[in-house]
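The values are calculated or read from the model by the stated rules, or taken from the named source; none is laboratory data. Given the structure is predicted, the values throughout are model-derived calculations rather than measurements. Cβ: placed from backbone, ideal geometry, glycine included. Neighbour counts: every protein chain shown.
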Amino acid sequence: MSHTKPAHSRPLMTTLALVAIGITSSAHAFSPLATDDTGTQGKGNNQVELGYVFERSTNLDMELDDRVDMNAYSATIPFTYTYGVTDEIDVSLGLSRQLRSPTGWQNSELGLKWNVYGDQTKGFSAAIKPTILIPVSKNMQSNGLGTARTNWGLAMIGSYLADNYELHANLKYNSNYQSNMPDWEFERNHIWTASVAPVWIINDQWKAGLDLGVQTNPGYNSSYEAFTQLAFSYAPVDNLQIGFGVGTSHALGSEDKSRGLNVTTTLSYQF
């Protein structure tokens, strides 16, 4: 038996929200994978990405004798603009609008990706990516639209590109500070994420990818959370890609069996 929580309730788990930050606020060559790659746009080139993310999070209500499942739902439209400052450096701005009540803008992200080693088009390459998360208001934080504190992150990215497959790996740190408000349930302030994504090049138009990762659980119901995503990318014409992905997450060892599901579609265009 399952019950639905009101859309304005605080999310039952935060893994999907953080994974969605990776999906929606960063420019990835293979969107909607959360694991980034080392690729940049090239000097003077631009990319825009528009997406839609539906999320459902579920856990057991520990206050009820029969411990029924409780569900919470959200939907967001993310947008990211990326500009190639040099052949090795990109800057990006990520915005995200939550559609379900409460409706509003979530934290925006400023990012810089620097390819520090190797050829992005073949073999092994490495990049680093610092990010800054712009705060929302305290009222927006209380409604679950983000954090009212400035936060930052740093990702170390490795990619290997062959003729018919790719392999990408990330190690990321994100701060997760929140403003102090009455009755606010604080989360962990330091979030580490490790992920790997093999990608298969089916033909000139189709790619398939698999995301596998683990991260610090922002909530205190368990220490770690694992996430997976299966994604496909289709390029009907040059410089245009359509992405689709289905992802899951699980709070490892949590008593309330916290878990989540997300469905993501993206549209990416380079010019």
Looking at R188 and the list (1) within 28 Å of I89 (Cβ to Cβ); (2) touching a Pro at 6+ places or on another chain (Cβ under 6 Å), which single condition is not satisfied? (1)
Could you say whether any residue in region 65-82 is in contact with a helix residue (DSSP H, G or I) (Cβ under 8 Å, 6 or more places away or on another chain), of a type outside the set (S, T, N, Q) and more than 20 Å from L33 (Cβ to Cβ)? no
Keeping to region 1-26, report how many residues are assigned to a loop (DSSP other than H, G, I, E, B) and either among the β-branched types (V, I, T) or modelled with pLDDT of 50 or more (or both). 3
Somewhere in region 241-248, is a residue exposed (fewer than 14 other Cβ atoms within 10 Å of the Cβ) and in a strand (DSSP E or B)? no
Looking at region 146-191, which of the residues that are modelled with pLDDT under 90 and of a type in the set (A, V, I, L, M, F, W, C) is farthest from Y73 (Cα to Cα)? M181
Being in contact (Cβ under 8 Å) with a residue 40 or more places away in the chain, out of contact with any helix residue (DSSP H, G or I) (no Cβ under 9 Å at 6 or more places or on another chain) and farther than 24 Å from Y165 by Cβ is the filter here; which residues of region 222-258 pass it? S254, E255, D256, K257
One residue is enough: does region 29-51 have a residue meeting the conditions surrounded by 21 or more Cβ atoms within 10 Å (Cβ to Cβ), within 21 Å of T265 (Cα to Cα) and modelled with pLDDT under 75? yes
Hey, can you tell me all the residues within region 200-226 that are farther than 30 Å from G253 by Cβ and of a type outside the set (K, R)? W200, I201, I202, N203, D204, Q205, W206, A208
Sort out which residues of region 249-271 are more than 20 Å from the chain's Cα centre (by Cα) and not in a strand (DSSP E or B), and write them in order of number. G253, S254, E255, D256, K257, F271
Filtered residue count, region 159-169, keeping only those that are of a type in the set (D, E, K, R) and surrounded by 14 or more Cβ atoms within 10 Å (Cβ to Cβ): 1
Considering region 52-70 alone, what residues qualify as being over 12 Å from G260 (Cβ atoms), of a type in the set (A, V, I, L, M, F, W, C) and modelled with pLDDT of 65 or more? L60, M70
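Yes or no, residue by residue, for (1) in a loop (DSSP other than H, G, I, E, B); (2) surrounded by fewer than 16 Cβ atoms within 10 Å (Cβ to Cβ); (3) among the charged types (D, E, K, R); (4) touching a residue at least 40 places away in the same chain (Cβ under 8 Å):
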site	(1), (2), (3), (4)
Y83	no, no, no, yes
L110	no, yes, no, no
A127	no, no, no, yes
T147	yes, no, no, yes
W152	no, yes, no, no
I157	no, no, no, yes
L171	no, yes, no, no
Q178	yes, no, no, no
P182	yes, yes, no, no
Kindly check whether there is at least one residue in region 89-98 that is modelled with pLDDT of 95 or more and more than 22 Å from T264 (Cβ to Cβ). yes
Specify which of the listed residues (V237, V199) is β-branched (V, I, T) and surrounded by 16 or more Cβ atoms within 10 Å (Cβ to Cβ). V199
Residue that is modelled with the highest pLDDT, among those in region 202-221 that are surrounded by 12 or more Cβ atoms within 10 Å (Cβ to Cβ) and farther than 23 Å from E166 by Cα: T216
Search result, residues across region 85-108 that are under 20 Å from A155 (Cβ atoms) and assigned to a strand (DSSP E or B): I89, D90, V91, S92, L93, G94, L95, S96, S108
